[in-house]
């Protein structure tokens, strides 16, 4: 059972480039979340989804887009990367909003 | 959204119990109290959660005040592996967006 898998694990982008981070879960969870974590800080919610075909904004959505075309996948896109988006990105999923959330191992993104 | 307040850091000795406090004075009736921890260079992992009654599992115990305005995560016998940042989070049954992390408590364990 793989749980929550994030790809890639590391990436370096130049300012203005675009990329997509993939989150895949094999637990048939309805809810999926994208967070970012800056050095020495807690996690901040970027976007979330309550089911296939749905997305919603979290605390810090600007500069990011998301899609949930399939229940098991939640994609986070950066259309034009900026140095301020240098961070570690975590994906999570849960069956319901008040149940245990499972997190991926993170994607370390550096924008130069 | 209801917020939580935790001490920035705590230290404890190996093999001794650890009590990690969390204040949530504006908690609503539908908020569950969740605890997660984050080991160095890893994603957060679930520890325990509860609504009103105290809860126990293989990792820890959660003691919830009668008025629900505070809670305490109890690690019964700390090991070096328990050194992590511990987050107290309120999760609402009806709103998926209310999964807001605070700054957490950095727990250090002395051998």
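Computed from the Cα positions only, the extents of chain B along the three principal axes stand at 42, 29, 23 Å, in decreasing order. Could you work out the relative contact order of chain A, using alpha carbon pairs under 8 angstrom and six or more residues apart, expressed as a whole percent? Relative CO of chain A lands at 36 percent. With contacts taken as Cα pairs under 8 Å at a separation of at least 6 residues, chain B carries a relative contact order of 37 percent. Applying the Kirkwood pairwise sum to the alpha-carbon positions of the range B:15-64 produces a hydrodynamic radius of 12.4 angstrom. Using alpha carbons only, the radius of gyration of the range B:1-43 set against its Kirkwood radius gives Rg/Rh = 1.03.
The C-alpha atoms of the range A:23-112 occupy a region whose extents along the principal axes are 36, 26, 21 Å, arranged from largest to smallest. Per the Debye formula with a single identical scatterer at each Cα and no solvent contribution, what log10 I(q)/I(0) holds for the protein assembly as shown at q = 0.07 Å⁻¹? The Cα Debye sum returns log10 ratios of -0.22.
Computed from the coordinates by the stated procedures, all read-outs in this text should not be read as laboratory data. These numbers come from a predicted model, not from an experiment.
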